[in-house]
Structure formats: C-alpha cells, structure tokens
Amino acid sequence: MFNKLSYWGVLLITLFAVTANSQTFTLKGKVTNSQNNQPLPNSNIFITEINSGSSTDMGGIYFIENLKDGIYTITCSYLGFQTISKSVTITEGTTLNFSLTPKSILLNETVVSENKASLRETPIAFSEKSSRDVQRSLGSQDVPFLLQSTPSIYISPQGGGTGDLRMSLRGFDHTHFAVMINGIPINNPENGEIYWSNWSGISDVVDNIQVQRGLTTNPYSSSAIGGLINVQTMGVNSNNTFVKLSSEVGSDNFRKFSVAFNQHIIPNKLTVTALLSKKDWDGYADQTWLNEYTYYIGIGGVFGNNSLELQAIGSPQEHGQRKTMQKKSTWDKYGKRYNADWGYMQGKSISMRDNKFHKPTINLNHNWKISDNLLMTNLLYYTPGEGGGTVPPWAQFSTTEDGQIDFDKEYNYNSNNIDSTYSTTRNKTENALRFFSHTHQWFGFLSTLNYSFSNSKLTLGIDFRDYEANNHQEVSNLLGGDYTIGWAGYNNFGKLLVEGDTVDFNANSYAKHFGGFLQYEFKNRYFSYYANMSLSNTKYNRIDFYNFTNDDPNRETGWKNFIGYSIKSGLNYNLNQFNNFYFNFGYISKPPLAYNVFDFSNKLYKNVMNENVLSFETGYGLKTNKLFLVVNAFYTIWKEKAFNRTEADWSTGRFFFYNISGADSKHIGIELEANYKIANSLTLIGMLSTSSNKYTSDALTAKSPEDNPTEVEYSDSFVNGIYLANFPMTTASIGFLYNSRISSNTSIYVNPILNYKGRQYAQFDPTLRADKNEAGINSWMLPNSYLLNIHIGVEYQLDNSIIKRLSVNFHLFNLLNESYVVDAIDGVDHLEDSALLWYGRDRWWNVGLTFLF
C-alpha cells in the first residue's frame with residue numbers, strides 16, 4: 001500500500017510544482033435566469049482553448065484564475081437551459097456575465113426536470129450535488145455517500161459489502177422515500193427496498209443528484225412520504241465531445257478502470273454517449289470481495305419539434321457479504337474485519353452470504369413541442385432483474401477457534417451419514433446451504449402535458465407501473481452429503497432434495513399501479529406558488545406454488561386494491577435579491593407495500609391500511625455574493641407506519657420475519673446549510689440538523705419463522721414514547737473547499753470535511769418489546785462519531801494534440817482512524833454490551849487518475 005501511496009504522492013507533488021512564469025489574469029462573472037434574473041448555481045463554465053473550466057457557486061458567481069492574456073471562447077451551460085458561447089479578450093479585471101434562457105425541449109431532462117427544485121423558486125428544502133462533486137469527494141464509495149454531509153441524511157454501510165447500505169431521511173428509511181434515476185422509480189414495488197448493489201457502478205455516469213427533504217416537487221402519484229433523491233446520469237445533451245480514460249486504486253486492493261466518450265454522429269442532430277467500467281475489490285471485511293461491470297449508452301437528438309433519446313444502463317455484479325452482527329465482546333476478540341459468515345471446506349473458502357444480480361434499465365424519452373405554450377413529455381421504461389444470493393441453513397453451524405464456520409466438520413458428518421429411513425446408500429445432509437433466487441419484469445410509463453400561460457403553468461400527468469416477480473429458494477450446497485429432506489410444502493414434505501430443488505418457498509408477486517396528477521404553478525419576480533393533487537390505484541396479488549396444490553383456492557390471494565392520494569402546496573416569497581421565505585404543507589395517503597399486505601400463507605395481515613402523513617415546513621434563505629444560508633423547520637405526523645424486518649435468534653440460529661404495523665410517530669426538526677466565500681478560491685462549508693423523532697403509539701407485530709413462514713404469531717410491540725432508531729437525530733459537518741488555478745495550465749483543490757453524528761438509538765428488538773415492562777424505555781444510544789475526510793486533486797492542461805487534460809484525485813477517509821458504531825440492534829438490558837453492532841471502516845484511501853482526449 002505504501003509503495004502505491006509513494007508513487008501517487010510523487011506524482012501529486014510534481015504536478016503541484018508546475019507553474020507558469022508569465023503574467024496571468026482572473027475571469028469572473030455571474031450566471032442568471034433570463035426570465036427572473038435569479039442566479040443559477042452549479043452552472044458549468046468551460047474554456048475551449050484550455051479545455052478546462054469551473055462552476056458557479058450558490059450565488060451564481062464564478063472565478064477562473066491564472067489565465068494568460070488573449071482571446072478565449074467561454075461556454076456556459078446549465079441543466080434545462082440553452083447553452084451560450086461567447087468570445088472574450090482576457091485582460092485585467094475582465095468580467096463576463098451570462099443570462100440563460102430555459103429550453104423548451106430537453107434531451108434526457110424533461111421528465112427529470114418535472115422533479116427538480118430551483119433555488120428561490122421552489123418552496124421546499126433541498127440539496128444538490130454535481131458531477132464535479134462526484135469527482136472531488138466520492139472516491140470509491142457508493143453514490144449515496146456523496147450525500148452524507150447534507151442535513152438529516154444518514155447512510156450506513158452495514159456489514160460493508162458493496163451496495164449493502166441503507167439510508168434514512170428525516171427518520172424515514174429508504175422504503176418510505178423515493179429514489180429516481182433519470183425519472184424512473186427504483187424502489188422495489190414489493191418491499192420498497194433500494195438494492196444499491198444493482199447501481200453501485202452508477203457513479204461513473206452521474207451528472208447531478210438532488211435530494212429533497214419532506215414534501216417534494218415530484219408531481220406523480222408515487223407518494224414519497226419522506227423525501228426524494230433524484231439522480232440524473234449524463235445524457236446526449238452535452239455540447240462537448242470527449243473521450244475519457246480513468247483508473248483508480250485504493251485500500252484493500254481496490255481497482256477500477258473505465259472508458260467514456262461523447263460524440264456527435266450528426267452535428268446538432270444525433271449524439272452518442274457511452275461508458276464501460278470494470279471494478280474489483282478484495283473488501284475491507286473478510287470475504288466481502290467484488291467483481292463488477294458497468295455499462296451505459298445513450299443515443300438521441302432533436303428532430304424538428306420532437307426529441308428522442310434511448311438509454312440503457314446496467315451494473316452486473318457479484319460480491320461477498322457480511323450479514324451477521326456481533327456483540328462488542330466478539331468484535332474485541334476477532335477484530336473489526338471479522339466476518340462470521342464463511343469458513344473453509346476441504347481447503348476452499350465457502351460463504352453462506354453472497355450476492356449476484358443484474359438489473360438493466362432501458363428507457364425511451366420523447367418530448368414534443370406541440371406549440372410555443374404546449375409541451376408533452378413521455379418516458380417509457382423496462383427494467384428486468386435476475387439474480388440472488390446464498391443464505392444460511394435453518395440451524396446454527398459450529399465454529400472453529402478463529403470464529404469461522406467449521407464447514408469441514410459439516411462435510412465429515414454429512415459424507416458419512418446414512419439414514420435408512422430415507423436411503424441405505426446415500427448420505428443425508430442435515431443442514432444445507434440455500435440460494436435465494438429473484439427474477440422480475442418491470443414496465444412503466446410516465447407522461448405529462450405542460451401548458452404555459454402568462455406567469456403560470458398547468459401540468460397534467462399519468463404514471464403506470466406493472467411489476468411481476470418470482471421469489472424462491474433452492475438447495476445450493478449439500479456440504480458433503482447426497483441429499484437433504486424437505487420438511488414443508490405440499491409436494492416437498494419428506495422428499496429427498498438435491499442441489500437445485502426448490503425449498504422453503506416459491507411464489508409469484510404482482511403489483512400494478514396507475515395514477516394521475518394535476519399541478520398548477522405561478523411564478524414572477526417575487527412570488528412562486530404551486531398546488532398539486534394526485535390520485536392513484538395500487539393493487540397486489542400473490543400466487544404460492546409451494547404450499548398449495550394447483551386446485552387449492554387459497555393458492556392465489558386475488559387482487560387487493562388500495563387508493564392513494566396526495567394534496568401538496570407551497571409558496572416562496574423573495575423579499576429582495578438576497579432574502580426569501582417559503583412555506584409548504586401537504587397530506588399524503590400512501591398504500592402499504594406488498595410485504596405488509598399478505599403473509600406467507602396468503603392471508604391478509606391484520607391492520608392492513610394506508611400510511612398517512614401530514615407535513616408542515618417553513619424556511620428562510622439568504623444569498624449574497626459571499627454568503628449562502630438556508631434554514632428550515634419541519635413538523636411531520638406519520639400515522640399507521642408499517643415496515644418489515646428479518647432478525648435472527650442467535651441462541652438457536654433461527655431467522656424470523658417481522659411485519660410491524662400501526663405505529664404512529666412525530667418528526668420535528670431544524671435544518672441549516674451554509675457556504676461562506678472567504679476568498680475567490682476559498683469557501684467555508686457547513687450544515688447542521690437536529691430533530692426529535694418519537695413513536696406516539698404502540699405497534700402490532702406479526703412474527704414468522706423463516707423455516708416455516710406460514711406460522712404467524714401476533715403480539716403488541718410497546719414502543720409508544722420511545723425514540724425512532726437507526727439514524728442520528730443530530731448531524732453536522734464543517735469543512736472548506738480551496739479551489740485555485742495556480743498557473744495558466746494547473747489547478748488544484750483541497751477539501752477537508754468533518755462529519756458529526758449523534759443521538760442515534762439502536763433498533764428495537766420486536767420480541768423484547770412484546771414485554772409490557774419494556775414500555776417507555778429507550779433503546780441503547782450509540783456513541784457520537786466524528787469522522788474527518790480529506791480530498792485533494794490537481795488538474796493539468798497538456799500541450800498535446802492527443803491528451804488534453806490530466807487530473808489526479810486523492811481521497812483519505814476517516815483520517816484520524818476513529819472507531820465508531822454505524823448500526824446496532826438493542827439488547828436485553830439496553831446497554832452496549834448486550835447490543836448487536838456494526839462498526840464502521842478504519843482509515844482508508846483512494847486515488848484516481850483521468851486522461852481526457
């Protein structure tokens with residue numbers, strides 16, 4: 001590792017040392033919206049002659065330093081606006097402003113723009129990250145970690161496998177807020193989950209990420225009750241043609257290589273953008289290796305009053321997992337890289353936790369400018385998925401002295417285990433490994449019709465989703481034996497099962513959704529207002545092929561319908577060019593997820609009903625040439641909350657499914673974001689969020705053992721008055737960004753940031769909370785954490801006809817090597833020693849090298 005660091009260190013020092021001897025000048029200016037004169041933050045400023053540029057701050061201001069005198073072509077672009085190029089002669093004190101006009105027809109952006117918020121216009125709380133932020137600070141992390149310094153967001157890596165993370169937003173887990181990629185919802189319709197392992201390579205193609213907290217600008221009837229994360233990938237709308245090669249190395253033998261290009265096939269008509277990358281990693285925890293490819297292609301153009309773009313993106317991957325949480329004493333004994341989910345058999349490592357999956361997404365975007373006032377946008381998408389992962393048996397394996405699974409002991413027993421009840425010649429396996437298999441087909445269509453008049457816009461829209469999935473488990477490894485015995489299922493009980501045979505369950509799930517919305521918007525120099533109403537019908541069906549015969553009427557549940565609706569409104573008022581206030585309120589009635597509707601015996605759970613959310617929020621913004629400040633307060637009541645979990649009873653090794661419903665909660669908080677420009681090249685960055693999130697009622701819990709999930713046991717969970725768990729109720733960060741052109745061909749940036757997480761409670765154990773004596777007692781509170789990361793980069797313009805630009809980015813995470821807990825499940829006495837824990841990663845690094853041709 002140190003040899004690699006030394007190599008990259010020498011390279012960084014060499015590039016930093018490159019300076020120009022001639023006199024240089026600074027170009028500065030401001031980018032605004034031509035319709036309301038409001039600034040456009042994160043606008044891209046590109047100088048053709050040096051093949052480099054900058055971006056505007058939150059006030060729309062940009063600075064580009066150390067330019068030689070001469071004539072330059074400056075291009076300014078911003079999402080959803082017409083791109084402008086100007087020629088300018090650089091001398092002392094040169095200022096160049098841009099006033100951009102919104103586009104009427106967009107490539108790859110129209111449906112996405114329906115969900116985007118704008119500063120001093122949209123009356124909601126939001127934060128935004130650009131592709132430049134990805135390059136500066138993401139490193140080899142999964143994309144969601146780019147948001148860890150934004151208010152009220154928590155990202156936990158859990159066991160540390162690639163993409164095996166979970167997120168919380170204002171106390172809502174990721175099954176209760178929406179994530180969209182290019183306008184396409186990616187929350188699984190069955191359980192609301194987001195499997196980031198299917199998208200772990202998407203960082204290569206991210207152009208923009210916007211996170212909206214609380215009520216969102218999403219007009220569709222998906223009813224995101226906690227917020228919205230809107231990811232936009234690069235599209236064919238780019239004006240710059242390029243070929244880019246990138247390579248990364250990092251801790252624990254991380255390796256990645258990618259190639260991307262953007263080319264105009266027919267100038268001003270047809271453009272192709274594509275990317276291919278390969279990523280490998282040994283993993284920081286034992287046996288959490290990764291093997292992943294990512295591909296992306298977009299082709300499209302403008303044809304008269306229409307635009308079309310076809311996109312395809314996918315990330316086929318296989319990775320090892322760590323799923324078994326441990327007590328502190330076990331981590332102290334074996335170390336934080338310890339993984340209890342694997343062992344050796346006959347000299348070969350075997351894991352009972354791994355994952356492989358491929359979920360490509362193909363979408364067609366169509367935009368039609370019917371008239372100057374009327375625009376139709378359409379998005380058709382198809383996203384199949386296939387894969388799964390190894391899961392443990394129904395009983396606990398014995399372990400070796402070093403804490404690994406003793407598969408050799410299992411092999412020796414199973415390979416010499418004749419049970420004459422079933423066979424006199426074949427060996428019986430008591431505990432076989434299983435493979436959970438999931439396949440799905442998912443189609444969707446979204447369409448809007450926008451009519452603009454005076455200072456107003458009226459939008460009508462529909463959205464449709466059709467989802468079908470099969471979930472089943474197979475015997476995957478007999479661990480030395482010849483067969484195992486089926487214990488359940490109408491055609492499996494007492495049957496000799498071999499590898500590949502179905503076991504435990506086999507069912508199809510169906511989800512259909514159709515909805516529409518009506519939205520009115522008004523906007524002038526001082527006021528912006530919106531009102532939205534949506535209505536939807538969501539229905540579910542389930543067919544169980546495992547527990548019922550073909551002629552059994554209980555084999556299929558039949559369709560269960562739920563009507564959802566939402567009413568949202570908000571107002572923004574700009575007092576002057578510096579100050580603005582906003583207010584919003586809304587009521588959302590969201591249908592339950594499929595996993596909270598039917599149990600494994602095809603019966604309806606008790607208390608199946610819509611979840612209902614009432615939300616109020618107000619905020620204030622201050623924006624000057626030096627200071628950007630936004631502060632907001634929110635009040636949210638969440639009724640009939642429902643969620644599901646899988647937990648293990650480590651005394652027996654058995655796993656249990658929990659369906660928890662009927663819980664009410666209250667979320668009250670304050671959030672603050674601020675940037676202060678100390679100098680042209682130096683900006684101070686900070687955020688703070690603090691909240692009180694409590695259950696205001698008890699819940700009903702349905703418990704089913706994984707080895708016989710048709711057995712359902714109901715009990716009360718006494719959680720009224722305790723704090724919600726699994727996220728820090730106080731978060732803060734502070735850092736600075738130094739970004740300077742130190743010569744006419746060399747620029748650098750330095751970006752250290754300190755993140756604080758506090759007041760996080762361990763997830764409650766539903767079994768323990770069935771005891772009324774536990775009522776009102778909070779779970780164990782995790783220790784506060786302070787993590788310091790630093791990001792350094794240098795960009796060098798080359799006087800080379802082939803290679804135009806070279807950039808190097810260095811990232812050091814957890815610089816002080818702090819020990820911290822990221823997740824926990826509460827124990828019997830609500831103290832640290834009885835809790836099950838996940839620890840965060842020790843100090844680690846990543847270096848990236850990019851060539852632009």
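The values are calculated or read from the model by the stated rules, or taken from the named source; none is laboratory data. These figures come from a predicted structure and were not determined experimentally. Ideal geometry is used to build each Cβ from the backbone, glycine not excepted, and the neighbour counts take in all protein chains shown. For accessibility, only protein heavy atoms count, side chains too; no ligands or nucleic acids. Shrake-Rupley method; radii C 1.70, N 1.55, O 1.52, S 1.80 Å.
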Check your understanding: Dipole of segment 447-564 (Lys/Arg Cβ +1, Asp/Glu Cβ -1, origin at the Cα centre): which of Phe493, Ala469, Tyr520 lies farthest to the positive side?
Key -> Tyr520
Review point. What are the ³J(HN,Hα) values, in whole Hz, obtained from phi via the Karplus relation 6.51 cos²θ - 1.76 cosθ + 1.60 with θ = phi - 60°, for each residue of segment 520-525 in sequence order, with x given for Gly and Pro?
Key: 10, 10, 10, 8, 9, 5
Review point. Once amide H atoms are built 1.01 Å from N in the peptide plane, which residues 5 or more positions from Phe98, or in another chain, come under 5 Å H to H?
Key: Lys30, Val31, Thr32
Study note, to complete from the structure: Summing -39500 (n - 2.57) over every DSSP H run of at least 4 in the chain, dividing by its residue total and rounding to the nearest 500, the 222 nm mean residue ellipticity is -1000 deg cm²/dmol
Point to revise | For segment 453-597: Kirkwood Rh in Å [reciprocal of mean 1/r, alpha carbons] | key: 19.9
Exercise for review: Run through the DSSP bridge list for the chain and note the antiparallel percent, rounded to the nearest 5.
Suggested key: 95
Review point. Which whole-number percent gives the relative contact order of segment 428-509, counting Cα pairs below 8 Å spaced six or more residues apart?
Key: 34
Review point. Expressed as an acute angle from 0 to 90° and rounded to the nearest 10, what is the orientation of the C-alpha long axis of helix 2-16 relative to the principal long axis of the chain?
Key: 10
Revision key, fill the gap. Quick numbers on segment 275-387, Rg and Dmax over C-alpha atoms in Å, give 22.7, 72
Practice item. Would you be so kind as to identify which of Pro752, Leu622, Ser85 lies farthest towards the positive end of the dipole of the chain, taking Lys and Arg as +1 and Asp and Glu as -1 on Cβ and the Cα centre as origin? Key: Ser85
Study note, to complete from the structure: At 25 °C in a medium of viscosity 0.890 mPa s, segment 628-752 has a Stokes-Einstein diffusion coefficient, with Rh taken as the Kirkwood radius over alpha carbon pairs, in µm² per second, of 131
Point to revise | Gyration tensor (alpha-carbon) shape descriptor, segment 480-524, a/c threshold 1.5 | key: prolate
Point to revise | Surface per residue (accessible, 1.4 Å probe) for the chain, Å² | key: 39
Check your understanding: Can you pull the percent of segment 205-359's accessible area that's carbon plus sulfur, 1.4 Å probe, other chains left in place?
Key -> 54
Exercise for review: Quick one: accessible surface of Met687, probe radius 1.4 Å, all protein chains present, in square angstrom to the nearest 10.
Suggested key: 10
Point to revise | Test item: Cα-centred dipole of segment 161-282, Lys/Arg +1 and Asp/Glu -1 on Cβ, debye | key: 380
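Compute the Cα gyration tensor for segment 692-750, then decide on rounded, prolate or oblate, letting a ≥ b ≥ c be the square roots of its eigenvalues: rounded whenever a/c is under 1.5, prolate when a/b is larger than b/c in the other cases, and oblate in all that remain. Please list the in-between numbers first.
Details: a/c = 9.62, a/b = 2.67, b/c = 3.61.
Cα axes put segment 692-750 in the oblate bin.
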Revision key, fill the gap. To the nearest 20 debye, segment 241-309 has a Cα-centred charge dipole, built from +1 on Lys and Arg Cβ and -1 on Asp and Glu Cβ, of 400
Check your understanding: Pulled fully out, how much extra length does the chain show between Ile668 and Trp487, if you take 0.36 nm times their separation in residues and subtract their Cα-Cα distance?
Key -> 60.3 nm
Study note, to complete from the structure: Whole-percent carbon and sulfur contribution to the accessible surface of segment 714-853 (1.4 Å, no ligands, DNA or RNA) stands at 55
Check your understanding: Which far-off residues, 5 or more places away or on another chain, put their amide H under 5 Å from the one on Asn417, with H placed in the peptide plane?
Key -> Lys428
Revision key, fill the gap. Of the accessible area of segment 401-477, computed with a 1.4 Å probe and all protein chains kept, carbon and sulfur make up a percent value of 49
Point to revise | Test item: Cα-centred dipole of the chain, Lys/Arg +1 and Asp/Glu -1 on Cβ, debye | key: 2800
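So what is the orientation-averaged projected area of segment 112-163, using the convex hull of its C-alpha atoms, in nm²? Don't jump to the answer; show the numbers that get you there.
Details: hull surface 19.5 nm².
Computing the convex hull of the Cα atoms and averaging its projections yields 4.9 nm².
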Revision key, fill the gap. Counting only residues 5 or more apart in sequence or on a different chain, those whose built amide H sits under 5 Å from that of Gln760 are Met729, Leu782
Practice item. Read phi for every residue in segment 159-175 and hand back ³J(HN,Hα) as whole Hz from Karplus 6.51 cos²θ - 1.76 cosθ + 1.60, θ = phi - 60°, with x for Gly and Pro. Key: x, x, x, 4, x, 8, 9, 9, 10, 9, 9, 6, x, 9, 6, 6, 7
Exercise for review: Pairs of Cα atoms under 8 Å, at least six residues apart: use those to get the relative contact order of the chain, whole percent.
Suggested key: 10
Check your understanding: Kirkwood hydrodynamic radius of segment 171-322 from all distinct Cα pairs, in Å?
Key -> 17.4
Review point. Where a Cα-Cα gap under 16 Å defines reach, which lysines qualify for Lys804, not counting those fewer than 8 residues away within the same chain?
Key: Lys244
Check your understanding: Could you give me the ³J(HN,Hα) list for segment 571-585, computed from phi with Karplus coefficients 6.51, -1.76, 1.60 and θ = phi - 60°, whole Hz, x at Gly and Pro?
Key -> 9, 10, 10, 8, 5, 7, 6, 10, 10, 8, 10, 9, 8, 9, 8
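If r is the Cβ-Cβ distance from Ile418 to Asp332 and R0 is 41 Å, what FRET efficiency results, to the nearest 0.05?
Efficiency at R0 = 41 Å is approximately 0.45.
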Revision key, fill the gap. Violations at 26 Å Cα threshold for listed pairs Lys30/Lys129; Lys606/Lys639; Lys278/Lys336 -> Lys278/Lys336
Review point. Taking the chain as the region of interest, what is the percent of Cα-Cα pairs per 10 angstrom bin, listed from the shortest bin to the one with the maximum distance?
Key: 2, 12, 22, 26, 20, 11, 5, 2, 0, 0
Exercise for review: Quick one: of Lys495/Lys560; Lys86/Lys269; Lys256/Lys677; Lys28/Lys623, which pairs are farther than 24 Å apart, Cα to Cα?
Suggested key: Lys495/Lys560; Lys256/Lys677
Check your understanding: Using the per-residue mean of other Cβ atoms lying within 10 Å as a proxy for protection, in what order, highest first, do the peptides 614-624, 421-431 fall?
Key -> 614-624, 421-431
Review point. Using alpha-carbon positions, what is the distance between the centroids of segment 425-481 and segment 807-853, in Å?
Key: 30
Revision key, fill the gap. Projecting the Cα atoms of Val828, Tyr195, Ile265 onto the charge dipole of the chain, where Lys and Arg contribute +1 and Asp and Glu -1 at Cβ, the residue farthest towards the positive end is Ile265
